[in-house]
Amino acid sequence: MAGFTKTALDKGWSYALADAHGTDTGSVKVGEWAAVQQFPTTVHVELLKEGKIPDPFIGLNEWDVQWVGEADWSFKTSFAVDEKQLAAPNADLVFDGLDTFATVLLNGTKILESDNQFVSHRVSVVGQLKATDNELVINFASAFRKGREIEAQHEKLNLWNGDSSRLHVRKAQYNYGWDWGPVLMTTGPWKPVTLETYASRIDEIDVRVAIDDSGNAKLDVFFAVSGPARPLKAVVRILQPSEAIIIGASNIDVTAGSKTCEFSLSKGAYEPWYPVGYGKQPLYTAEVTILDAEGTVLDTKKDRFGFRRVKVVQDALVDQPGRTFLFEVNGVRIFCGGSNWIPADSFLTTMTRERYRAWLQLLVDGNQNMVRVWGGGIYEADDFYELCDELGILVWQDFMFGCGQYPAYDSLLKSIEIEAEQNVKRLRHHPSVVIFAGNNEDYQVAESFKLELDYNDEHSDFRKTNFPARHIYERLLPGVVEKFSNIFYHRSSPYSGFGKPTTDRTYGDLHQWNVWHGSQEPWHNWDILAGRFVSEFGMQGYPDIRTVDYWLGGNKAERFPQSRTMNNHNKADGFERRLELYLMENFKHAFDIESYVYYTQIMQAETLASAYRLWRRNWKGKGREYTAGALVWQINDCWPVTSWAIVDYFLRPKPAYFTIKRELRPYTVGMARKDVTTHPDALSAARVAIEARLEVWATNSTLAEKSVTLEVAAFDLHSDWTERWTRDVVLAPNAATELWAGPVPGQPTRTKLNDAPRTIVVSARLLDAAGAVLARYANWPEPFKFIHFPDAQAVGLEVAVGADGESVRLSARRPVKGVVLDVDGDAVQWDDQAVDLVPGDAQVVRAVGLQGRPVRARYLGDGTA
């Protein structure tokens, strides 16, 4: 009997413009077929390879290619099949992903209509194939135009970002434009197309791991089989990472088309999977093989999985209202420091496993342990999740709904249900995936537009309200997740639960946008803006100057911050006012483009480091996990742009990446200072006493207490005065520990409101028993704009390239704030940036690719402003 065959249909494709709908298409003519240069693909990618459209990432070209997304396109190929394939009892064409409105014809007969980018299709073509010249044609209608048509048939609804028609279209929502991304409506066969022939095949495997309190594991392997009814046998094997068999079963009768095999493993018989920083990431394999009565192998299917127990803990807190929102893995409560993830390219078919690995390795190298796949993009490629499994990155997975009042009519619900089922089944075996969230900010949209939203209503159907998508998030999606996985479901991000609105800071997760958006608070207020789990917050910063020059495309006339081109490469509403608000409040700054890049980057670096520093302080041990996670918006970009990303499109980290990296080390030390004003005479406003107070704390993410030496040194920026002291302290395990509080050393109490304080910089370091520096932080008086910085000669900054040509030693005679290094020519892979220096504490920065070149340094007070 015939076994399973899978043939990739990735050769001989061509494409053509089918209908331009009256728009000017330049040199691209209707009906002219051109060879596809890669497959899978989308139209923009092919047109760019042919040089038929300008690069939309450069200048204002984005607007010259809008016609592409509003046109209809066709793709076609032909293929042959051999005698065995023709004789097989089953032959299916499998389309892993079609973007988005597609009609498929095989040998002139329509076999499929698709309207959902996130859904795969399997179509039986038995009896429709011939030996040679099987013609496969896929016609794609414009998703934008179709969306507008569907919207006209239903209703126009509220949203943030993009065209309102996107709410009716199951397509990557960021294609419609976002406040960090361009309007680029892709279309085409964006995932593989294959021909499968078989007698019987394995439809799916579902691997469920349950670990009890004693560490014993129960392992259920469910599998389903399709094909003509016949007696079949199955073999199930569980393979160790070494591929040795740990347990298995053979000669299993498969009569009803599905089967569940149950295994038990005692503690010690398996190795548990941990997130990065807490243990190893061993990956096991569940392998299922089906055979016919003669013992012929008909199909084999594998899934990799990990042994781990994950809980989302929402318990009452000690000393504060509300409840925790934290992740516990294998009994260990984990502070989740990480990032939000948007699609890493506007053209997804250009993404490779190597690019995914480079991005996710940056995340790990930055001491981050969680990534949130945001709901306006895509359910990511298998490569993404496989790499997260290998690297130990926890994945927060949104369903693909973002910032909108989505409809819930029957045809859309049916499509969404298929989408949800397929993607839950695809992702459920990954040990990295620890939560599914129903959407991004849709409950916030409902609150903003005052839609019908009674958080205490847990029973309605909701489809007849003006917030019908509650039916999706509270009925459809949780039902799918519960049926097909054992992963925790959360209705939205953000979502408080317990009858509370999304802005409640004592329950659930929080998007804290009152820095930048909202009330535009100073970043120094992060401590009072904390939530139980802050799943979004951010600050913009320009990317590397090389990235800026890329999008300028050589147009030097536009090389200034306020140019039209710069404006097009920052999509955030009101970004000029917001950038300047935070710059002017905190810095003296210059407007030449190199300086503007530097100052916005330092602002972003200070803002985000402050958030992680203050929120990790709230992780105070069991029952006192007042803030259990912080996920910055965002790690990445989909094109070259000024945005909230901490690494730009070309994988060039901004200084903020490194300040976050420092704040997420296993051991950190933090400080906060504030002025305390009292009135010695209660009847007088003129008589005051202003005391500068300092608090010092440390964090320890390891599971063992740590004895260290706390070293505190204070410096006057304008003199040789210094004060230094040390004390031995013990850091509690997996918690923050308060270490000291008192007056800022060397800062006298001021008695008049116009008394200028001394510019005292306080350095704190944690030293281990051998004197090695485990953590350091320098606390400066703010705002920085008030500081009269000493001249360069007094500062005495030394930047010395090491003998290896791949390191730089930094030292100074006076404290220095925000040292950013760069070179002429190709960029260097720096190990650190935005470095603060104090006398007597030289730091060495590794610099891969420096090759001994001279290094330039920028710092606050370097004379440029």
Inset, instruction - Kindly list the number of the only condition in (1) over 19 Å from ASN340 (Cβ atoms); (2) buried (at least 21 other Cβ atoms within 10 Å of the Cβ) that fails for LEU453. - result: (2)
Legend entry - Complete set of residues in segment 655-686 that are surrounded by 12 or more Cβ atoms within 10 Å (Cβ to Cβ), over 14 Å from THR749 (Cα atoms) and either free of Cβ contacts under 8 Å to residues at least 40 places away in the same chain or acidic (Asp, Glu) (or both): GLU663
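Check LYS52, LYS76 and return the single one that is part of a loop (DSSP other than H, G, I, E, B) and over 28 Å from the mean Cα position of the chain (by Cα).
Values: LYS76 fails: part of a loop (DSSP other than H, G, I, E, B).
Step by step, each of LYS52, LYS76 is checked, and only LYS52 is part of a loop (DSSP other than H, G, I, E, B) and over 28 Å from the mean Cα position of the chain (by Cα).
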Inset, instruction - Within segment 63-90, track down each residue that is over 23 Å from PRO192 (Cβ atoms), surrounded by 14 or more Cβ atoms within 10 Å (Cβ to Cβ) and without any contact (Cβ under 8 Å) to a residue 60 or more places away in the chain. - result: ASP64, TRP67
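The rows are residues; the columns are (1) under 23 Å from ASP206 (Cα atoms); (2) assigned to a helix (DSSP H, G or I); (3) not assigned by TED's automatic domain parsing to the domain that holds PRO275.
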| residue | (1), (2), (3) |
| --- | --- |
| ALA408 | no, no, yes |
| SER415 | yes, yes, yes |
| GLU419 | yes, yes, yes |
| GLN422 | yes, yes, yes |
| LYS425 | yes, yes, yes |
| HIS429 | yes, no, yes |
| PHE436 | yes, no, yes |
| GLU447 | no, yes, yes |
| TYR455 | no, no, yes |
Legend entry - segment 412-435 residues that are within 22 Å of VAL312 (Cα to Cα), paired with ones that are of a type in the set (Gly, Ala, Ser) (beta carbon under 7 Å, 6 or more apart): VAL424/SER485; ARG428/SER485; PRO431/GLY306
Legend entry - Some residue of segment 174-197 being within 30 Å of VAL641 (Cβ to Cβ) and assigned to a helix (DSSP H, G or I): yes
Inset, instruction - Considering only residues that are in contact (Cβ under 8 Å) with a residue 24 or more places away in the chain and farther than 30 Å from ASP549 by Cβ, look in segment 26-59 and name the one that is surrounded by the fewest Cβ atoms within 10 Å (Cβ to Cβ). - result: TRP33
Inset, instruction - Looking at (1) closer than 22 Å to LYS311 by Cα; (2) crowded, with 17+ Cβ neighbours inside 10 Å, find the lone condition where SER266 falls short. - result: (2)
Legend entry - strands (runs of 3 or more DSSP E) enclosed by segment 694-813 - at least 2 residues per element that are among the β-branched types (Val, Ile, Thr) and more than 38 Å from the chain's Cα centre (by Cα): 722-731
Legend entry - Yes/no for ARG662 being outside any helix (DSSP H, G or I) and either closer than 30 Å to ALA572 by Cβ or in contact with a Pro (Cβ under 8 Å, 6 or more places away or on another chain) (or both): no
Inset, instruction - Could you check ALA689 against (1) surrounded by 14 or more Cβ atoms within 10 Å (Cβ to Cβ); (2) over 35 Å from the mean Cα position of the chain (by Cα); (3) in contact (Cβ under 8 Å) with a residue 60 or more places away in the chain and say which number it fails? - result: (1)
Legend entry - Matching residues, segment 519-569, being over 21 Å from ALA827 (Cα atoms), within 24 Å of the chain's Cα centre (by Cα), surrounded by 18 or more Cβ atoms within 10 Å (Cβ to Cβ) and polar (S, T, N, Q): SER535, GLN540
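Table: residues versus (1) in the same structural domain as TYR598 (by TED's automatic domain parsing); (2) closer than 22 Å to ALA605 by Cβ; (3) aliphatic (A, V, I, L, M); (4) buried (at least 18 other Cβ atoms within 10 Å of the Cβ).
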{"residue": "GLU723", "(1), (2), (3), (4)": "no, no, no, no"}
{"residue": "LEU739", "(1), (2), (3), (4)": "no, no, yes, yes"}
{"residue": "ALA756", "(1), (2), (3), (4)": "no, no, yes, no"}
{"residue": "ALA764", "(1), (2), (3), (4)": "no, yes, yes, yes"}
{"residue": "GLY771", "(1), (2), (3), (4)": "no, no, no, no"}
{"residue": "ALA812", "(1), (2), (3), (4)": "no, yes, yes, yes"}
{"residue": "VAL816", "(1), (2), (3), (4)": "no, yes, yes, yes"}
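The values are calculated or read from the model by the stated rules, or taken from the named source; none is laboratory data. Predicted model only: the values in this text are computed from it and were never measured. For neighbour counting, all protein chains shown are included, and Cβ atoms are generated from backbone atoms with ideal geometry for every residue, glycine included.
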